[in-house]
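Q: Before we start, here is the structure in question, set down as structure tokens.
The values are calculated or read from the model by the stated rules, or taken from the named source; none is laboratory data. Remember, it's a predicted structure, so these values are computed and weren't measured experimentally. Here Cβ is always computed from backbone atoms with ideal geometry, including for glycine, and neighbour counts include all displayed protein chains. With ligands, DNA and RNA removed, areas are computed over all heavy atoms of the protein, side chains included. Shrake-Rupley method; radii C 1.70, N 1.55, O 1.52, S 1.80 Å.
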Amino acid sequence: MEGAKAVIDTTGEYPVYPGHPLTVAWEIMSVFATPIEALALYQQHSLNCPNAVADNRITGGGGEVHRACDLLRKAIAGERAEDLIRWADDCWIDGQGGGHVKAIAPGLAQAEKLKPLFAAKLKDWLATDTVAA
């Protein structure tokens, strides 16, 4: 519920499932103290995925959480927040809302509420790691 609470606190809405990449990235940045902690490989139950994907505090579907992790890796590599936002929207639309077509418009609307705050949150979160994952 921690990730959902961060979205609710900011947008006034429970996260749209299975999760726009920007919204899921918002959850990840709210739950995990550092990028390294979020993106490190999960070391239990023979899973081969980032900690954020295996963590039940993140409400998104598995594929969408992976895309959010991709977004965060792109940020670590130096991509600008504006480009990340556009990429996230494209992924959400092109991926048909993770197969939930009726979620496309509500997911985009919810992400719109996070976009004005995203660059600052991302910058602060990335600054928590001196060595990027």
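Q: Which value does Rg/Rh take for segment 1-94 over its C-alpha atoms, Rh per Kirkwood?
A: That ratio is 0.95, to two decimals.
Q: Here's a follow-up. Explain nothing, just the number: relative contact order of the chain, from Cα pairs under 8 Å at least 6 residues apart, as a whole percent.
A: 35
Q: Right, something else. With N set to the residue count of segment 38-133, report its C-alpha Rg divided by 2.2 N^0.38 Å to two decimal places.
A: Normalised by 2.2 N^0.38 Å, the Cα Rg of segment 38-133 equals 1.12.
Q: Looking only at Cα atoms, what is the convex hull volume of segment 11-61 per residue, in Å³?
A: Cα convex hull per residue, to the nearest whole number: 78 Å³.
Q: Which value in nm describes the separation of the simple spin-label points at residue 44 and residue 93, placed 7 Å from the Cα toward the beta carbon?
A: 4.0
Q: Show me the helices of the chain, taken as full DSSP H stretches, that run 27 Å or more along their long axis by Cα and average 1.6 or above in Kyte-Doolittle hydropathy.
A: Going by DSSP H runs, there are no hits.
Q: Length gain on complete extension for the stretch residue 117 to residue 17, per 0.36 nm per residue less the alpha carbon to alpha carbon distance?
A: 33.9 nm
Q: Taking the Kirkwood radius as the inverse of the mean 1/r across Cα pairs, report the Rg/Rh of segment 62-109.
A: Here the Rg-to-Rh quotient is 0.99.
Q: How large a share of the accessible area of the chain, in percent, is made up of carbon and sulfur atoms when the probe is 1.4 Å and the other protein chains stay in place?
A: Within the chain, the accessible surface is 54 percent carbon and sulfur.
Q: Would you count, across segment 40-133, every pair of lysines whose alpha carbons are under 18 angstrom apart, provided the pair is eight or more residues apart or spans two chains?
A: Within segment 40-133, the lysine pair count is 6.
Q: What FRET efficiency, computed as 1/(1 + (r/R0)^6) with R0 = 22 Å and r the Cβ-Cβ distance, is obtained for residue 102 and residue 8, rounded to the nearest 0.05?
A: So, using R0 = 22 Å, E works out to roughly 0.60.
Q: With n ≥ 4 as the cut-off for DSSP H runs, can you work out [θ] at 222 nm for the chain, using -39500 (n - 2.57) per run divided by the number of residues, rounded to the nearest 500?
A: -19500 deg cm²/dmol
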